[in-house]
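The values are calculated or read from the model by the stated rules, or taken from the named source; none is laboratory data. A quick note: this is a predicted structure, and the numbers were derived from the prediction, not measured. Please note: Cβ atoms are built from the backbone with ideal geometry, for glycine as well, and neighbour counts cover all protein chains shown.
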Amino acid sequence: MEVWLRTNARAIWFGMVMPGLFALIGLAMAIGLPGRPPAAWVRVIGAILAVAGGIVVLLLLLQLRKPRLAFAQGHLLVTLRSGPPIRVPIQVVECFWLGQSESMLPTRRHANTETAAVVVRIADAAAEWHHQDVKPQLGKWCEGYITIRGTWCEPLNIGVVNRLNQRLSEVTAAWAKETTR
């Protein structure tokens, strides 16, 4: 698998702060102070906090490994929902461009905030790829356009989009040669 667009590592690392603190506090509660073991109910609550916080941190670490866009075996892999990525045949992907989208950040303060976005154009002839259900916070997929919100991917600029288009051109040409053999 070749990674084309990474997830937003900064946001994930920031998201690990609170569950990590809960895990550490829970561990301290479960172990207690030297020479003063905690009550059984404190140990149970501490163990629950430590395990729950640890699981959330592990799940977030796994998210660091999931790219938003990747290429493998003739498919563009699009990760905009839970579970495995959506495998779009590379020959139906026409281009990428830099756009803008609502950020979908929580709180009213960010209600009208916009962010950079990568837009992926799907060929008109590939109607079966014109709509997919995706997580709205990560992006939107409708009418043959996939919009990947910059809030949840690596920083976006025209250089990133040019790199995506260059790789698309290269793999499309290579894949077309391979399939005609």
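Screening the candidates ALA52, ALA30, ALA9 for the property of being more than 25 Å from LEU156 (Cα to Cα) and either loosely packed, with under 13 Cβ neighbours inside 10 Å or modelled with pLDDT of 95 or more (or both) yields one hit, ALA52. When region 57-76 is limited to residues that are in contact (Cβ under 8 Å) with a residue 40 or more places away in the chain and part of a helix (DSSP H, G or I), the one that is surrounded by the fewest Cβ atoms within 10 Å (Cβ to Cβ) turns out to be LEU61.
Apart from one condition, GLU94 fits all of (1) surrounded by fewer than 18 Cβ atoms within 10 Å (Cβ to Cβ); (2) assigned to a loop (DSSP other than H, G, I, E, B); the exception is (2). Selection of region 137-181 for residues being assigned to a helix (DSSP H, G or I), of a type in the set (Gly, Ala, Ser) and more than 17 Å from ALA123 (Cα to Cα) yields GLY150, GLY159, ALA174. The set of residues in region 86-109 being closer than 23 Å to LEU60 by Cα, modelled with pLDDT under 95 and under 20 Å from the mean Cα position of the chain (by Cα) consists of SER103, MET104, LEU105, PRO106.
Restricting attention to region 131-181, the residues that are closer than 29 Å to ARG10 by Cα and among the β-branched types (Val, Ile, Thr) total 8. The C-beta contact set for region 77-92 (first residue free of Cβ contacts under 8 Å to residues at least 12 places away in the same chain, second residue of a type in the set (A, V, I, L, M, F, W, C), distance under 9 angstrom, 6+ apart or interchain) comprises PRO84/LEU77.
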